[in-house]
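The values are calculated or read from the model by the stated rules, or taken from the named source; none is laboratory data. Keep in mind that what you see is a predicted model, and the values were worked out from it rather than measured. Using ideal geometry, Cβ is built from the backbone for each residue, glycine included, and neighbour counts are taken over all protein chains shown.
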Amino acid sequence: MNVKSQILFLCTGNYYRSRYAEELFNFRARSEGLAWSAFSRGLAEKGSPDNVGPMSHFAFQALSAKSIEPEGAHRLPMPCSAADFAEAELVIALKDAEHRPFVERRFSEMLPRVIFWNVDDVAFAAPAVALAQIDDLVDGLISGLRKA
């Protein structure tokens, strides 16, 4: 059995940024033959009523434009639990200013393990900008893992 190291991507609702990062990372890691996979969760205890369906259409469309069929396209957003941290070797939250307070409040003992990126949500950055930023960050992450 091929055991893979896990990366946990976190955002507020597990609907847009973390889902995109998860799907993009898994696609690229698989194509590079890396022994890593990703999963994602939301830091908010409840999802936003504005989030309709399993995944943001912005994330879905951007993945489709890259010919990536999202494996979790039908999975509803999931809130994070302490057990999720236990499964992950790396933990990445998508926006420091937005997600650090959630981690401090809900999982303070895990704060030293979390790497914070700075990708704005859709209300603050156009999806084309934010998702391109995630593309670059995931590329850098994969490059680092390849060298490790």
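Taking every residue in the range 121-137 that is closer than 18 Å to MET55 by Cβ and among the acidic types (Asp, Glu) and pairing it with any residue that is at pLDDT 90 or above and assigned to a helix (DSSP H, G or I), at least 6 positions away or on another chain, the pairs with Cβ-Cβ distances below 8 Å are ASP121/ARG17; ASP121/GLU98; ASP121/ALA130; ASP135/LEU24. Condition check for GLU32 on (1) farther than 25 Å from GLY140 by Cβ; (2) more than 14 Å from the chain's Cα centre (by Cα); (3) not aliphatic (A, V, I, L, M): one failure, at (1).
Criterion applied to PHE107, PHE60, PHE85, PHE124 was being over 25 Å from GLU32 (Cβ atoms) and within 16 Å of the chain's Cα centre (by Cα), and the one residue passing it is PHE85.
In a residue-by-residue description of the range 43-50, the property of being surrounded by fewer than 20 Cβ atoms within 10 Å (Cβ to Cβ), over 24 Å from ALA128 (Cα atoms) and out of contact with any strand residue (DSSP E or B) (no Cβ under 8 Å at 6 or more places or on another chain) applies to no position.
The one condition from (1) surrounded by 11 or more Cβ atoms within 10 Å (Cβ to Cβ); (2) under 17 Å from TYR20 (Cα atoms); (3) modelled with pLDDT under 95 that ALA132 does not meet is (3).
Just to be sure, is SER67 closer than 18 Å to LEU8 by Cα, loosely packed, with under 13 Cβ neighbours inside 10 Å and among the hydroxyl-bearing types (Ser, Thr, Tyr)? No; evaluated as a whole, the condition is false for this residue.
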